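The values are calculated or read from the model by the stated rules, or taken from the named source; none is laboratory data. Nothing here was measured: the structure is a model prediction, and the numbers come from that model. Counting neighbours? That spans all protein chains shown, and the Cβs are built from the backbone with ideal geometry, glycine included.
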Amino acid sequence: MKSWRSRIAAGLVVGAAAIAIPLTATSAVASPPPGSGWHVAGGMTYDSKGQCEAEELSNAQHNGYDEVWCDGPGGRAEYTVWVR
């Protein structure tokens with residue numbers, strides 16, 4: 001028969017794991033495109049990466065940037081808009 005001390009210790013380990021696993025399993029943060037000087041300008045839902053970049057280029061140029069990079073999973077999805 002296990003002692004109460006062993007049972008409590010095991011319960012604390014299981015409880016800590018139950019909290020730690022969901023905290024470490026969150027989605028990854030978007031990483032910047034290759035090169036330097038990129039800044040996040042926002043994000044929105046687009047039908048494709050090409051549509052995102054085409055629609056955001058004029059906004060970027062209006063604000064003094066020359067390039068746009070949209071980061072997303074492809075297809076209709078939310079994209080993170082990067083500019084430089």
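For the structure I just gave you, tell me whether GLY37 is surrounded by 10 or more Cβ atoms within 10 Å (Cβ to Cβ), at pLDDT below 70, more than 18 Å from the chain's Cα centre (by Cα) and not hydrophobic (A, V, I, L, M, F, W, C).
Judged against the criteria, GLY37 is not a match.
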Test each condition in (1) under 18 Å from PRO34 (Cα atoms); (2) under 19 Å from the mean Cα position of the chain (by Cα) for GLY75 and report the one that comes out false. (1)
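State which residue is modelled with the lowest pLDDT when the search covers only segment 48-72 and only residues that are touching a Lys or Arg at 6+ places or on another chain (Cβ under 9 Å) and more than 20 Å from SER36 (Cβ to Cβ). Steps first, please.
Looking only at segment 48-72, we keep the residues that are touching a Lys or Arg at 6+ places or on another chain (Cβ under 9 Å), and these are 48, 60, 65-72.
Keeping just the survivors that are more than 20 Å from SER36 (Cβ to Cβ) gives 48, 72.
Working: SER48: 96, GLY72: 93.
My answer is GLY72.
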